[in-house]
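Taking it in order: structure first as structure tokens, then the write-up.
The values are calculated or read from the model by the stated rules, or taken from the named source; none is laboratory data. Keep in mind that what you see is a predicted model, and the values were worked out from it rather than measured. All Cβ positions, glycine included, derive from the backbone under ideal geometry; neighbour counts span all protein chains shown. Just the protein is used for accessible areas: all its heavy atoms, side chains included, with ligands, DNA and RNA removed. Shrake-Rupley method; radii C 1.70, N 1.55, O 1.52, S 1.80 Å.
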Amino acid sequence: MLIAVHHRTAYRYSRAFNHSVQSLRLFPPSGQSQRVIEWHVDIPGIDQAARYIDAFGNQVALVTPPGSNDHLEIIAHGTIETIDTAGVAGFTQEAVPPSVFLRPERMTETSSGIESMAKACQAPARLTTLHNLLGAIHKTVAYDTQATHALTTAIEAFKAKRGVCQDHAHIFIGAARILGIPARYVTGYLLVEGETSSVAHHAWAEAYVDELGWIGFDAANGVSPTERYVRLAVGLDAVTAAPVRGNMRGAGEEKLTVEVVVDAAHSGQQ
Amino acid sequence: MLGRTAASLYWMSRYIERAENIARLTEVGYRISLTPDIGIGHREDWKSTLIAAGSYEPYLERHNEITSEKVKHFLLFDRDNPSSVRSCLETARNNARAVRTALTREMWEALNSTYIDFASVRPADLGSGKLPEFLDWVRQRSALFRGSMLGTLLRDEGFHFSQLGAFIERADNTARILDVKYYVLLPTNETVGGDIDAFQWETILRSVSAHRSYRHVYKDRYRPWNVAEFLILRPEMPRSFCFCYGWIERSLEGMSDIIGKKTASLTEASSILHDLKTIPMDAIFQSGLHEFLTEFLKRNNSVSAHIANDFHFL
Amino acid sequence: MVALADGMMNTQASAKNKGSMKEAPAFFDEMRSADGSIRPAYQKIADWMGQQSRGGMARKQEEAEAIFRRLGITFAVYGDNASNERLIPFDLIPRVIAAQEWRFLERGIEQRVRALNLFLYDIYHRQEIIRAGRIPADLVVGNEAFLPQMMGFDPPGKIYSHIVGTDIVRTGENAFFVLEDNLRTPSGVSYMLEDREAMMHLFPELFAAHRVAPVERYPEMLRQTLESVAPPSCKSDPTLAVLTPGIYNSAYFEHSFLADQMGVELVQGSDLFIENGTLYMRTVSGKERIDVLYRRVDDSYLDPLAFRSDSTLGVPGLFDLYRAGGVTIVNAPGTGIADDKAVYAYVPDIIEFYTGEKPILSNVPTYRCSIADECHHVLDNLSHLVVKEVHGSGGYGMLIGPHATKAQLAEFEKKIKAKPSNYIAQPTLNLSTCPSNVGAGSAPRHVDLRPFVLVGDKIRITPGGLTRVALKKGSLVVNSSQGGGTKDTWVLED
């Protein structure tokens, strides 16, 4: 399936910043489940960016937009061809071994509640365990955009029994790690089932299974990713996988707008 | 040189200069308080000292009456008064610590040993006539610092910023002292230039160590007109506006040469110096001395702000 | 390993049986042999000490203090109202290390530092040592001090810890132990340099009578070391800078001292910014590029975009720029994994794994509570052992068994049982003593040694290092925050 993405991040300030640094992980990788047809990131200063591949395999661009300004816009856009692999992202290329994704991070730390749910999901086959976990979290934690915020931890969201995709992913990751299964955070895009155009910046979890590599689990929707999912960046948690991290010096109050439009792209072959 | 280093050198020098000036003002206040009371009490004298030190409002926030002891303590030792000699020395030293690599060992030792010795002084020990000796010591330590700077510091950026801080602060202090004596001590503007007790004039001059040099220059008794001219326009008087701005301009020219462009602060300083060199004294009195001083203080502050901006102080 | 450790314990126990630890411990004195004779390296010092009058030494002591105070060599003490700056006491009697003793130490330190840098490269790449089963994966990658973000990156020269301060203690004629490796941002080198300066000023005649190996070249060697690890983006002579958290940091004097001695800028985070893939410092004329940053700021504060977002001590984007090859951070982030207390016990294995050699310098025998047998032993012998928390730094979360109350012992027993992998234990060490000036003449006091090592295009070790001395009678604690002082440390040349 061909998916077109238009991802806009816009900052506006009550007082102009005099220096800005943007660390961008806005470059979707090609792999088993997707192939990048074309992709562009537009932000002033991108041509002079410092670039590297980080430990988790993400392409990073460190951009310093020139001059002082009271607004800044970052637009990532392009077309990705996706393949339905039943959620399997496979053996992706990154420096960190799966064992690193067993580390407890602040956002993914677990409570006894999460732990007992995790233990109840345990099955002889790791894949079954993970599917049980997916179902359990989807059933227990309701989707609610008002209940949590960007810094909510897995423990808090699980206690509240509600949250957004980030919270579902953190709970899943924390629970999997407790069971000794490497799990990581994925950000990306989702073309919602049955629609041809959605407004959806999304996040889910991936867990490691020896024979298959990394497999996606979207606990917010209770499914594994399909061809309607585009992978963007991975990390230990929402913080290390964040597509845009910025710092403004001298700026006033910030207003941040993030818009993502995902379309089924029209293609001559389809 | 780092912008922050330049800022620290600038503020280090300003605070050392300020410590010296506060000590000078305290000495004058003390001297007046020793003379026979002429009826209004010494409260008004201490009040004018506090105003000249820019510390009247802060003082009133902490004390509800003006007494000799309280004012002396406030001006010299009070940690909560950012302009007390103690606070000035501490701020100067903190700035110096932040730029140790830009100072010569002599400068650092002069400042650091002053700070250490000051810390060991107990206010209670300064009773019964020991105050003048102590205030002399503060002035001497400031002189020692300036002396070690002039004798050891390379004439590069560091020197220019130290000079700028010292002379911006000195110009500010001289203006305040003049303004207080003319404006606060006298009930209305009209009496400026009229008769006043010679003792008051002597104290003004004494506070800037100029009561004897005045005699050399004017060969006359203390007259308001002459005193104002001496402290504003005379280029040979080392605490006059004109003298201070001569150095400010020179250091800003030096900096412009180093960074290869003419700065806004230099333009402004040159314009102030030009005005000081061309304005006659009677024009100042005609338009009002207080108004002139207020305007000067404003322009002096503006030069300071431009320096911070031109040289990337943080 | 366990057997060796047990042997050590037995030695200690028998020493204890002969006489109570408190009253007559058999400590090794570096000047005086057990039979009272003076060791050759100390002969002239002993003669000199005999010639000094008590009053003369007291005057020199005052003179030394005046020198240090004037120079501003102080350290900050937090929570002390009277004054937040204190002098570290300086002991007038130098500590002497014989030439052959130093050669041994030097070889041992070099071997250790080389192996630990190879270890760091390996665990941030293919992790061969874990694959080979020589160290548990969880101990490394599950460790808080392990920095996953460093994986897959080749720092210039493949060096991680460029500036090392290896803590060494001596317990006998030929018994040296490495207590800690200090691979992050070791401090104290300024005291080594200023102690020497002060001694040469106070006692020039002593230097005339000895051939003391010089330490004064350290700043120059540090400069060479930093220049040798310039990033790939640097095409000309590299510009260096020292990054400090600021004047309230306890080691600020040292930061300022080193920058000055090297002739480079001392910068704070607020002086720095990144523009188009280059690190700059803000100067009076605009900006100047920086290639190598010797930072004295902890990893987590280096870059608010990569680590603690509330940090104002670092530079936003610095870590990305480092990984992109635009700047070199010295020491590299993530070196803390190699001097973690839990990893310490594996250093002998690490040395063998990477160098194929036997370790020259010994580790202090260490019981890992993460291993059931060793944990058992620790719990059985708690009152004889020093127990350390693995993620704590010096002194915190520590139990000194022989000095602990019953309640403290019970508390630690509970803690260890609750989370064994958080603790290691070591026997108490009989630190050697050196003669020290204690007011009423000289008396033996316990010492340790921190030699300073530089790793760049080659390994440079300054002869000697910093000797810390526990000036309180009988005390084994050399920390400056707890009454420790320093001594000039002499390595005699043949």
Exercise for review: Identify all lysines with a Cα-Cα distance to C:K487 below 18 Å; exclude those on the same chain that are fewer than 8 residues away in sequence.
Suggested key: C:K44, C:K60, C:K472, C:K473
Study note, to complete from the structure: With a 1.4 angstrom probe the carbon and sulfur portion of accessible area for chain B, in percent, totals 51 percent
Exercise for review: Pop out the carbon and sulfur fraction of the accessible area of chain C as a percent, whole number, probe 1.4 Å.
Suggested key: 50 percent
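Taking only protein heavy atoms and a 1.4 Å probe, what accessible area per residue, in Å², does chain C have with all protein chains in place? Numbers along the way, then the final one.
On the way: 19760 Å² over 494 residues.
Value for chain C: 40 Å² per residue.
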Review point. Roughly how much accessible area, to the nearest 100 Å², goes out of reach of solvent when A and C pair up, both sides summed, probe 1.4 Å?
Key: 2100 Å²
Practice item. Just the isolated ones, please: cysteines in chain C lacking another cysteine beta carbon under 4.7 angstrom. Key: C:C234, C:C434
Point to revise | Inter-label distance for C:I400 and B:I279, nm, one decimal - labels placed 7 Å from Cα along Cα-to-Cβ | key: 7.0 nm
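Which is the longest run of chain C containing none of the GluC sites (Glu not before Pro) found in DSSP loop states (not H, G, I, E, B) with at most 13 other C-beta atoms within 10 Å?
That would be C:217-356.
Tell me the trypsin sites (Lys or Arg not before Pro) within the range C:177-249 that lie in a loop according to DSSP and have at most 15 other beta-carbon atoms within 10 Å.
Working: sites: C:R184, C:R196, C:R211, C:R217, C:R223, C:K235; in loops: C:R184, C:R211, C:R217, C:K235.
Passing sites in the range C:177-249 are C:R211, C:R217, C:K235.
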Check your understanding: Among all the aspartates and glutamates, which ones have a C-alpha under 16 Å from C:K419's C-alpha, if same-chain residues fewer than 8 places away are not counted?
Key -> C:D138, C:E144, C:D373, C:E374, C:E389, C:E411
Point to revise | Net lengthening on full extension, C:S481/C:E493 (0.36 nm per residue, minus Cα-Cα) | key: 1.0 nm
Practice item. Return the distance in nm (one decimal) between the two label points of a simple spin-label model at C:E197 and C:Q408, each offset 7 Å from Cα along Cα→Cβ. Key: 3.8 nm
Exercise for review: Net charge near A:L179: determine it from the other residues with C-beta under 10 Å of the C-beta of A:L179, scoring Lys and Arg +1 and Asp and Glu -1.
Suggested key: +2
Check your understanding: For the pair C:R69 and C:N276, how long in nm is the line joining their label points, each one 7 Å along Cα→Cβ?
Key -> 5.4 nm
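If packing is taken as the average count of other Cβ atoms within 10 Å, what order do C:447-457, C:302-312 fall into, highest mean first?
Per-residue Cβ counts within 10 Å, averaged per peptide and sorted highest first, yield C:447-457, C:302-312.
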Revision key, fill the gap. Rounded to whole angstroms and listed largest first, the alpha-carbon spread of the range B:1-152 along its three principal axes comes to 56, 28, 23
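With a 1.4 Å probe and every protein chain left in place, work out the accessible area per residue of chain B in Å², rounded to a whole number.
Values: 13330 Å² over 314 residues.
Heavy-atom SASA per residue in chain B reads 42 Å².
Compute the signed sum of charges (Lys and Arg +1, Asp and Glu -1) over the other residues within less than 11 Å, Cβ to Cβ, of C:P186. Could you put the intermediate results ahead of the total?
Numbers: positive: C:R184, C:R296, C:R450; negative: C:D167, C:E180, C:D181, C:E254, C:D339.
That works out to -2.
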Revision key, fill the gap. Regression test value, accessible area per residue of the range A:88-235, probe 1.4 Å, units Å², expected 40 Å²
Study note, to complete from the structure: Total charge of the residues flanking A:T152 in space, meaning their Cβ is under 15 Å from its Cβ, with Lys and Arg +1 and Asp and Glu -1, is -2
Review point. Rounded if a/c is under 1.5, else prolate if a/b is larger than b/c, else oblate: which is chain B, with a ≥ b ≥ c the root eigenvalues of its Cα gyration tensor?
Key: oblate
Revision key, fill the gap. Along the range C:169-181, Karplus-curve 3J(HN,Hα) (6.51, -1.76, 1.60; θ = phi - 60°) to the nearest Hz, with x for Gly and Pro, reads 10, 10, 10, x, 3, 10, 9, 10, 10, 8, 8, 8, 9
Point to revise | Lys/Arg +1, Asp/Glu -1 at C-beta; the protein assembly as shown dipole; positive extreme among C:V378, C:A137, A:V261 | key: C:V378
Review point. Between chains C and B, what is the buried accessible area in Å², counting both sides, with a 1.4 Å probe and ligands, DNA and RNA left out, to the nearest 100?
Key: 2300 Å²
**Study point:** Links that overshoot a 22 Å alpha carbon limit, given the list A:K119/A:K139; B:K261/C:K287; C:K158/C:K388; A:K119/C:K341; A:K119/A:K161
**Key:** C:K158/C:K388; A:K119/C:K341
Study note, to complete from the structure: Rounded to a whole number, the mean other protein chain Cβ count within 10 angstrom for residues of C:242-250 is 2
Check your understanding: Is there a simple number for the mean count of other chain Cβ atoms within 10 Å of the Cβ of residues in A:10-20, and what is it?
Key -> 1
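Rounded to the nearest percent, how much of the accessible area of the range A:88-235 (1.4 Å probe, protein heavy atoms only) is carbon and sulfur? Present the calculation step by step, with values, prior to reporting the outcome.
Working: 3200 of 5920 Å².
Carbon with sulfur: 54 percent of the solvent-accessible area.
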Practice item. Would you list which lysines come within 22 Å of B:K47, measuring only between C-alpha atoms, while excluding same-chain residues fewer than 8 positions from it? Key: B:K70, B:K72, B:K181
Check your understanding: With a ≥ b ≥ c the root eigenvalues of the C-alpha gyration tensor of the protein assembly as shown, is it rounded (a/c under 1.5), prolate (a/b larger than b/c) or oblate?
Key -> oblate
Review point. Within 10 Å of each Cβ of A:96-107, how many other protein chain Cβ atoms are there on average?
Key: 4
**Study point:** From the C-alpha gyration tensor of the range B:156-314, square roots of 5λ in Å
**Key:** 31, 16, 13
